[in-house]
Structure formats: C-alpha cells, structure tokens
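**Q** The structure is given below, and queries will be raised subsequently.
The values are calculated or read from the model by the stated rules, or taken from the named source; none is laboratory data. Just so we're clear, the structure is a prediction, and the values are computed from it rather than from any experiment. Every residue, glycine among them, receives a Cβ derived from its backbone with ideal geometry; neighbour counts consider all protein chains shown.
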Ligand SMILES: [Zn+2]
C-alpha cells in the first residue's frame, strides 16, 4: 500500500507467548498493514530478529514514493512484564526467558531508533480507553486473562506505569476471600503461593478443571464442553467467574475504575460478562456498587493497537 508522509504512521508490536503481531496505524487509528510471526520461544535473540524483520517488512510495505522520507517510523512494543526502573532490564515476564534481558537497548540497537516499551495489559488499557470499549471513561482498568493474568491502569488517557513499573499488576496478588474450594493454594512460577494468576488464567482454568474432574482439556475445549452442557466444565467456568469477580472487586476497592475491559483468550467467554458483575458487588465497599465490565472492542488486536499508540502520549503524559 502506498501512503503519504502526512498520515502520522506508527508501528505497534505485540510480543505474545505464541505469536508476535505487528501493525502500522495511521493518524485516524486505521490499520494500514498487518504482519505476524510465531514467537521463537526461549530464543531471546530470535525474538529481537523477528521483531526487526516485522518492522522492516512493515516499512517496506507502507513506505513508498513521498512517504519514504518518513522512515524510520516510531515503534511501540507491548510485552509481558515490564522494564525495571532500577536495572533497566525485563522483570515479571511470564515468558520467563525474557527476564533479566536488556530488551530496550537490544531493540534500539537492532531497529536503529528509540523504542517505547510497555506491559501488554497497559497497551490493552490504552487502546480501549482511546477509541475502544472504554472511550470517554476517565479511569480504566484493562485486564489480560490469557496464558497469564495481568492488568494496566489508564487515567485521563495516561498509562499509570507506577514507581516500580508494576501499576495495575494484580495477577500476583493472592486470590482474595478464599474458600475451601480454592485450597490448597497452588504454587506460582513467581515463587509465591495462591497468586490470582494460578486461578484466573487459561492455565489456571485447565489445572482447576483437571483437579476437579480428572480430565485434561484445554481452555477452549472446556468452553466448548460447557456450551454442550458438560457439568464439570460448567462448574469450572462458575469457579473461574467467582474468582475473577473476587479479584476484580479487590481492585475496585482500591482504584474504583469507571470501566473494566477484559482482554486475552478468556475475555471471549460471554459467560463472564453475564455473571461476574453480580458476583463482584457483595465484595465492593459501596452502596449500590456500579460495575461496568466490558469485552474489548478490538478483540485480540487491542494490545497491538495500544502499542502503536505509545508514541501518541506526549512528554509528561507518558508516565512509565
Ligand atoms: Zn505469582
């Protein structure tokens, strides 16, 4: 596609556990190019090379004629975990082989330009707060429940990265208001016990279902079995909804967001939007609590759209 330099093009990259997505977005929020590659799991230098190849392909695809002078395009990257403000290296990624790497510097060397990096849930929250399911809301909590469980906060269009770059990271808080059914609390990859992520995630759902039913199914298979009337699968989804509700109520009691947007693979379960708000209310410290829980307008593409928007946040508005 041929475009002109006036279109304010920027590149977004979403580094996921299984794939790396790339888009080029124009100034109106339209996607003018898309690319993707499988994530070279466990191969850090392979990930850097894959991102560089996606950026190169994207620029080759959209920059021609007059637009060519505009290269290099700004690049924003959504990633698991975050960059520690103390060490400058990756922390908290559930793709644990990323942890400790000097990801920002290595990307800037490979791409020959400054890059902006943010947690993938922060990118989801930014995307949905800008022109998605939470457009117009002043306070937004974006949640990713997929392989893991992450969260990001946006206030007045700004990402609240936080003093330790863990703003909104609720997945490694313990599951609140535990019951007998939740015990024994599982060990988490992070070294703690009973983290929300061990319950409220694709892997958490699979573990819970297997322990309760003696059957091993993937998250998608559990959802399909529930639709077909499988009692064990429906019970597992009810437990998931109740645990998600307790976790979200905890966040509401601290941050009290106007809108909560779910992302990640489990956000496609319609069941959650039907039952979670009612399950949250008894735990919220308010009379007649208002809960606005929404699916992502842009579905799985929300994270990569938010990554493309990281350079839209100018100067002081960019709170790491
Ligand atoms: Zn944990």
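**Q** Hey, among 61, 53, which residue is part of a helix (DSSP H, G or I), at pLDDT 95 or above and not assigned by TED's automatic domain parsing to the domain that holds residue 165?
**A** Every option except 53 fails the conditions.
**Q** A follow-up question, please. Pairs needed: first member in segment 254-278, not assigned by TED's automatic domain parsing to the domain that holds residue 198 and buried (at least 24 other Cβ atoms within 10 Å of the Cβ); second member anywhere, at pLDDT 95 or above and not in a helix (DSSP H, G or I); C-beta distance under 8 Å; at least 6 residues apart or different chains.
**A** Sorted first by the residue in segment 254-278, then by its partner, the list stays empty.
**Q** Mind checking which residues of segment 108-120 are touching a helix residue (DSSP H, G or I) at 6+ places or on another chain (Cβ under 8 Å) and crowded, with 24+ Cβ neighbours inside 10 Å?
**A** Once the filter is applied, which keeps residues that are touching a helix residue (DSSP H, G or I) at 6+ places or on another chain (Cβ under 8 Å) and crowded, with 24+ Cβ neighbours inside 10 Å, segment 108-120 yields 117, 118, 120.
**Q** Do we find a residue being buried (at least 18 other Cβ atoms within 10 Å of the Cβ), without any contact (Cβ under 8 Å) to a residue 60 or more places away in the chain and assigned to a helix (DSSP H, G or I) anywhere in segment 285-293?
**A** no
This table checks each residue for (1) over 30 Å from residue 171 (Cα atoms); (2) more than 19 Å from the chain's Cα centre (by Cα); (3) touching a residue at least 60 places away in the same chain (Cβ under 8 Å); (4) loosely packed, with under 14 Cβ neighbours inside 10 Å.
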{"residue": "38", "(1), (2), (3), (4)": "no, no, no, yes"}
{"residue": "41", "(1), (2), (3), (4)": "no, no, no, yes"}
{"residue": "45", "(1), (2), (3), (4)": "no, yes, no, yes"}
{"residue": "57", "(1), (2), (3), (4)": "yes, yes, no, no"}
{"residue": "73", "(1), (2), (3), (4)": "yes, yes, yes, no"}
{"residue": "76", "(1), (2), (3), (4)": "no, no, yes, no"}
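**Q** Next question, about the same structure. Counting just the residues of segment 196-231 that are within 14 Å of residue 172 (Cα to Cα) and touching a residue at least 40 places away in the same chain (Cβ under 8 Å), which one comes out nearest to the ligand (Cβ to nearest atom)?
**A** Among those residues, the one meeting the criterion is 197.
**Q** So if I check each of 186, 176, which one is touching a helix residue (DSSP H, G or I) at 6+ places or on another chain (Cβ under 6 Å), without any contact (Cβ under 8 Å) to a residue 40 or more places away in the chain and within 16 Å of the ligand (Cβ to nearest atom)?
**A** Exactly one of 186, 176 is touching a helix residue (DSSP H, G or I) at 6+ places or on another chain (Cβ under 6 Å), without any contact (Cβ under 8 Å) to a residue 40 or more places away in the chain and within 16 Å of the ligand (Cβ to nearest atom), namely 186.
**Q** So which of 106, 156 is out of contact with any strand residue (DSSP E or B) (no Cβ under 7 Å at 6 or more places or on another chain), at pLDDT below 95 and farther than 14 Å from residue 299 by Cα?
**A** 156
**Q** Determine if segment 232-243 includes at least one residue that is modelled with pLDDT of 95 or more, buried (at least 17 other Cβ atoms within 10 Å of the Cβ), in the same structural domain as residue 140 (by TED's automatic domain parsing) and within 16 Å of the ligand (Cβ to nearest atom).
**A** yes
**Q** Next up: For segment 149-167, check the following and say yes or no: at least one residue is touching a residue at least 40 places away in the same chain (Cβ under 8 Å), more than 22 Å from residue 293 (Cβ to Cβ) and surrounded by 20 or more Cβ atoms within 10 Å (Cβ to Cβ).
**A** Within segment 149-167 (the criterion being touching a residue at least 40 places away in the same chain (Cβ under 8 Å), more than 22 Å from residue 293 (Cβ to Cβ) and surrounded by 20 or more Cβ atoms within 10 Å (Cβ to Cβ)), the answer is yes, since at least one residue qualifies.
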